[in-house]
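The values are calculated or read from the model by the stated rules, or taken from the named source; none is laboratory data. All values derive from a computational prediction rather than experimental measurement. Because the Cβ atoms are built from the backbone with ideal geometry, glycine has one as well, and the counts that use them run over all protein chains shown. Surface accessibility is based on the protein's heavy atoms, side chains included, excluding ligands, DNA and RNA. Shrake-Rupley method; radii C 1.70, N 1.55, O 1.52, S 1.80 Å.
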Amino acid sequence: MPKILDCDRCLLYAHNPHLVCAVHPSGVDGDNCIDFREDPNVEELWQPEGASYYNGQLILQPRPITPERQLELLEWHPIFTGKCPQCNFKFDRDYVSRVHWDCAECGWMDDSI
C-alpha cells in the first residue's frame, strides 16, 4: 500500500496494516494528500540530519564512503596496518574473528563500523 510520510502524523491515519486511512483506504497516488489533517496528539520525534529512527531507536547513519575516504582508511585503519592509529600497538592479525579493532593499550575505539 502506498503510504506517504505524512500518513503517520495524520488525524485520519488508521494505524492498520490493511488500511491506510478512512478517506484513502489503499493510500494516495502522489507525494502529498489533499485530505491531510495534522493530528495534535502525535509527538514529533526529533532526528538530526544523518540519523533515522529504527524500531524506536535513533541510529546515526555512517558517513558515505567516497574514494578519498577509502584511501584514508587504507592509510590508518588497523585492519590494513595491523597497528593502533594512536599508540602503534600491534594487533594480532586474526582477520576471521575480529570485528572491532579497539586498543587495549591506549583505549582507542574503532567507531568506523
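Those strands (runs of 3 or more DSSP E) of the range 2-61 in which 1 or more residues are open to solvent by less than 80 Å² (accessible area, probe 1.4 Å) and either within 30 Å of ASP111 (Cα to Cα) or at pLDDT below 85 (or both) occupy 13-16, 51-54, 57-60.
Listed conditions (1) surrounded by 10 or more Cβ atoms within 10 Å (Cβ to Cβ); (2) modelled with pLDDT under 85; (3) among the aliphatic types (A, V, I, L, M) are all met by VAL99, apart from (1). Between TRP108, TRP76, the distinction of being touching a Cys at 6+ places or on another chain (Cβ under 9 Å) and either touching a residue at least 40 places away in the same chain (Cβ under 8 Å) or not hydroxyl-bearing (Ser, Thr, Tyr) (or both) belongs to TRP108 only.
Evaluate the following for ILE65: is it open to solvent by 60 Å² or more (accessible area, probe 1.4 Å) and at pLDDT below 85? For ILE65, the condition - open to solvent by 60 Å² or more (accessible area, probe 1.4 Å) and at pLDDT below 85 - is met. Please verify whether GLN86 is within 30 Å of ASP110 (Cβ to Cβ), within 24 Å of the chain's Cα centre (by Cα) and either open to solvent by less than 90 Å² (accessible area, probe 1.4 Å) or of a type in the set (S, T, N, Q) (or both), treating the condition exactly as stated. Against the criterion (within 30 Å of ASP110 (Cβ to Cβ), within 24 Å of the chain's Cα centre (by Cα) and either open to solvent by less than 90 Å² (accessible area, probe 1.4 Å) or of a type in the set (S, T, N, Q) (or both)), GLN86 does not qualify.
Of all residues in the range 68-83, exactly one satisfies the criterion of being among the basic types (Lys, Arg) and open to solvent by 60 Å² or more (accessible area, probe 1.4 Å), namely LYS83.
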